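J.: The structure under discussion is supplied below as structure tokens; questions concerning it will follow.
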Number of protein chains: 2
Amino acid sequence: MDRQDRDGLPAYERIKAEIRTRIREGEWGPGDPIPGESELAASFGVSRLTAHRALRELAREGVIERRRRRGSRVAVRTGRDIVLEIPRIERLVAELGAVYELRLLARRTLVPPAEIRARLELAAGERALHLLLLHLADRRPFQLEDRWINLLAVPAAADADFTAIAPGSWLLEHVPWSEAEHVIAAENADPATAAALGIRPGEAVLVIERRTRNRNRVVTWARFRHPGASYRLATAFAPRS
Amino acid sequence: MDRQDRDGLPAYERIKAEIRTRIREGEWGPGDPIPGESELAASFGVSRLTAHRALRELAREGVIERRRRRGSRVAVRTGRDIVLEIPRIERLVAELGAVYELRLLARRTLVPPAEIRARLELAAGERALHLLLLHLADRRPFQLEDRWINLLAVPAAADADFTAIAPGSWLLEHVPWSEAEHVIAAENADPATAAALGIRPGEAVLVIERRTRNRNRVVTWARFRHPGASYRLATAFAPRS
DNA sequence: CCACGAGATTTGCATATACATATTCCGCTG
DNA sequence: CAGCGGAATATGTATATGCAAATCTCGTGG
């Protein structure tokens, strides 16, 4: 691009990498001040805007904190939350090296019971799509999915073929933007769940509930159950702001 | 700032908001092309660089996809993962409206058993700090924490007072940067765990394991156990790239 | 001695301009 | 008509410059 892109990296990326290295190596500890935009610009031989971009992006990534007049300093990460990524079910199974299968156990459009109606934030008497599915890994039960879909938010779901694609994947591809709330818990399998998952009643089951919103409407609510003994949800995270 | 910051927002933020709104309202669906930098610059009355910044940030946030010559389009979110935030234990308890307490059950520096040594990626014969803690919410057992800390990575941990601050929080404040892997599972409580958590043996327990790295070294490995019946880890997410 | 206001400093936003780079499109050639 | 090469186009990076906003410091007046 310009004089010195010896690493093939843009100048602002080289500055970011340099600062990150010094923080990682402990040269600059949490709370320590780091050079300002003008100083960095001079020492790297770039314009202030380029140094500004490097610092701005580091700030957005949560690596540093910036305030006018006060300058930039290494972020103190108190209160930082841990972030956990849950892959989609097909990928999860694929990463185990197992063959993924989907079985649609039930599909009905009906007026949901009061408890579900509240979770979907639906008007009284409004109908919703209810699905019961079993996800298999190498022909063994892997996840039992109990899902309700708000047809007012996603009318196209009424015509989707959920024997071919998991509702979670279908929704990800058809709903433009969303937020979700999660509940994670453990419970002892009741007889019905035990039968569906092929375990003994009372065995520990990992339960994940997810409610997804779009445009202030609840799109879907789902409860996933995994045999606790055989299943482990392993993920990686990077700390973020 | 300039001519028109009627919302108090910078120009690039107003452009981002406008684009996000059109996507959310469905005017532009997944995969649809959106106006280019020059076009946006003209229609908003800003320079191309300002429009560029708006689009660049939206791309980084995963809202749109950009390619040279091809232009920008609304992201198709297939393969997108779900992200889940786990708050720190103190905040988790505080959000339940309960009083948080910490009880240090055991603290020893010793050569870890082989299984733990492998998890910490420690050399043979190397010593590590082992902690056993009980976290209480309103005087009731909330979480049992079994933690090992690599003293080579965090020597200062040897002198920390873990009766006053939870190891997780202490580490967040003293280790400059880190990544982690998680395992989530459900299991039936063994007698020892049941006794510590005040539940009956066999009851479902939510298990979370976390291994944290820094500078390619394992900093700490911990296993958390929650009474499954009483505890629900509720979190929210926003989809990201 | 404290309060208040005037710099000084640092980050934040925006412009105009220039050139680099990736990729598509189109037309030329065989 | 297939394949190749160059033009066109949109994004990507960088410069120099100017002003805005936040906030710390210091000096002055009551």
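Bear in mind these aren't lab numbers, they're just calculated from the coordinates by the rules spelled out. Predicted model, so just to flag it, every value in this text is computed and none were measured. Cβ sites come from the backbone with ideal geometry, for glycine too, and all protein chains shown count toward neighbours.
J.: Using a label point 7 Å beyond Cα on the Cα-Cβ vector, give me the inter-copy distances for A:Ser47 in nanometres, one decimal, shortest first.
T.: Between copies, matching label points for A:Ser47 lie 0.7 nm apart.
J.: Let me ask you something else. For the stretch A:11-74, with only Lys/Arg (+1) and Asp/Glu (-1) charged at the beta-carbon, what is the dipole magnitude about the Cα centre, in debye rounded to 20?
T.: Here the stretch A:11-74 has a charge dipole of around 340 debye.
J.: Per DSSP H run of at least 4 residues, take -39500 (n - 2.57); add these up for chain B, divide by its residues and hand me the 222 nm value, nearest 500 deg cm²/dmol.
T.: Dividing the helical sum by the residues of chain B leaves -7500 deg cm²/dmol.
J.: On to the next question. What's the ranking of A:135-143, A:166-174 by average number of surrounding C-beta atoms within 10 Å, highest first?
T.: A:166-174, A:135-143
J.: List the residues, sorted by chain then number, that are 5 or more residues from A:Trp28 or on another chain and whose placed amide H is less than 5 Å from its amide H.
T.: Amide H to amide H, under 5 Å and 5 or more residues apart or across chains, A:Trp28 pairs with A:Ile23.
J.: Another question about this same structure. In peptide B:14-26, how many Cβ atoms from other protein chains are near each Cβ within 10 Å, on average?
T.: Across the residues of B:14-26, the mean count of other-chain Cβ atoms within 10 Å is 1.
J.: Given Cα pairs under 8 Å that are at least 6 residues apart, what percent is the relative contact order of chain B?
T.: Relative contact order here is 17 percent.
J.: Can you bin the protein assembly as shown into rounded, prolate or oblate? Criterion: square roots of the alpha carbon gyration tensor eigenvalues sorted a ≥ b ≥ c, rounded for a/c under 1.5, prolate for a/b above b/c, oblate for the rest.
T.: Because a/c hits 1.5 or more and a/b fails to exceed b/c, the protein assembly as shown counts as oblate.
J.: Still on this structure, please answer the following. Using a ≥ b ≥ c from the Cα gyration tensor of the stretch A:89-227 (square roots of the eigenvalues), is it rounded, prolate or oblate, where a/c under 1.5 gives rounded and otherwise the larger of a/b and b/c decides, a/b for prolate?
T.: Numbers: a/c = 1.78, a/b = 1.40, b/c = 1.27.
Judged from the Cα gyration tensor, the stretch A:89-227 comes out prolate (a/c at least 1.5, a/b above b/c).
J.: Treating the point 7 Å from Cα along Cα-beta-carbon as the label, what are the nm separations from B:Glu115 to the other copies, to one decimal?
T.: List, nearest first: 3.5 nm.
J.: State, in angstrom, two size descriptors of chain B derived from its alpha carbons: Rg to one decimal place and Dmax to the nearest whole number.
T.: Cα only, chain B: 24.6, 70 Å (Rg, Dmax).
J.: Using Cα pairs under 8 angstrom and six or more residues apart, how large is the relative contact order of the stretch A:59-161, in percent?
T.: The value is 20 percent.
J.: Measure nothing but the geometry: give the 0 to 90° angle between the long axis through the Cα atoms of B:11-24 and the longest principal axis through the Cα atoms of chain B, rounded to 10°.
T.: For helix B:11-24, the angle is close to 80 degrees.
J.: Also, I was wondering about something else. Tell me the volume per residue, in Å³, of the convex hull enclosing the alpha carbons of the stretch B:17-80.
T.: Per-residue hull volume (Cα only) is 84 Å³.
J.: Spelling out what I want: for every residue of the stretch B:27-41, take phi, set θ = phi - 60°, compute 6.51 cos²θ - 1.76 cosθ + 1.60 (Karplus), and round to whole Hz; glycine and proline get x.
T.: Listing the rounded values in order: 4, 10, x, x, x, 5, x, 10, x, x, 4, 5, 5, 4, 4 Hz.
J.: Summarise the partner chain shielding of A:213-223 as one whole number: the mean count of Cβ atoms from other chains within 10 Å of each residue's Cβ.
T.: Across the residues of A:213-223, the mean count of other-chain Cβ atoms within 10 Å is 1.
J.: Let me know the mean shielding of B:199-208 by other chains, meaning the per-residue number of their Cβ atoms within 10 Å of its Cβ.
T.: Neighbouring Cβ atoms belonging to other protein chains average 4 per residue here.
J.: Any idea what the B:Gly198 label distances to the other copies are, label 7 Å down the Cα→Cβ vector, nm, shortest first?
T.: Ordered by distance, the counterparts are at 4.0 nm.
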